[in-house]
Amino acid sequence: MRGSLARCPNGSDQAIGRTQAETIRGAERAIEPVAPVLHAFHLHAKFVPTTKMSRRKNPYAKPDHLTRAAKDAGFPARSVFKLEEIDRRTRLFRGGMRVLDLGAAPGSWSLYALTRIGLAGKLLAVDLEEMAAPLPPNAVFLRADVFAIEDDLAGRFAPYDVVLSDMAPKTTGNRPTDQARSFELFMRALAVAARLGAPGGSFVGKIFMSDDLPLARAELRRLYATERLIRPSGTRAVSTEIFAVGQGKHR
């Protein structure tokens, strides 16, 4: 799921480092507790806590039970369970809504949103990469740099009731650099939502936990009536990614 910064090739998560301990503990106090079982219509996958692994073992090397469950349900990636949980806990979608999905490939979030908004809704998906699955007639895929397209193209179905961003940077191995790039992607996606989102609408954006998180949260609170952090139960144990949700967009 790409913006002008590429996605991490081994998934989209960022490994936790010991030097982040205090920052992460502070952020986790604001993260709402997670539910152990995911339900999304025909989606059913029980969350199994990740066991302790050797530092040399790559947690993304093999598909886990959520990856297999997503594939079995017709979704290209396990990220569908993250959005399903966010939706279940925030009542994000309703029938007939207009949705903008930034960094949409391979398409799990778009496909899930479409099951919720129905044929009366509209969805625009934007990514530099092709979608892994075809979209129905009430959805349009635009292959483009999320941050390079003009608002008249990105605003095809605007104003949007929900703006989504599951974008993450391609990790470099330099933790401060990766965190800074994640913060930049989040803030730029939020700026798109500020321009094209409907009054009363919602925003969901991925961000790596870092010292910049309070700045991201402050901007979200400036634009939306409510702000909350959610770490879905499907998030890998080694990941520092969380999702910031804003609802009730100010006029």
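The values are calculated or read from the model by the stated rules, or taken from the named source; none is laboratory data. Because the structure is predicted, anything quoted here is derived from the model rather than measured. Cβ coordinates were reconstructed from backbone atoms using ideal geometry, including for glycine residues, and neighbour counts include every protein chain displayed.
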Point to revise | Flag for residue 87 being modelled with pLDDT of 95 or more, buried (at least 17 other Cβ atoms within 10 Å of the Cβ), among the acidic types (Asp, Glu) and over 19 Å from residue 229 (Cβ atoms) | key: no
Exercise for review: Report, by residue number, each residue of region 215-235 that is of a type in the set (Lys, Arg) and surrounded by 17 or more Cβ atoms within 10 Å (Cβ to Cβ).
Suggested key: 217, 228, 231
Check your understanding: Could you say which residue among 214, 199 is more than 15 Å from the chain's Cα centre (by Cα) and in a strand (DSSP E or B)?
Key -> 199
Exercise for review: Among residues belonging to region 128-174 that are surrounded by 17 or more Cβ atoms within 10 Å (Cβ to Cβ) and of a type in the set (Asp, Glu), point out the one that is farthest from residue 207 (Cα to Cα).
Suggested key: 161
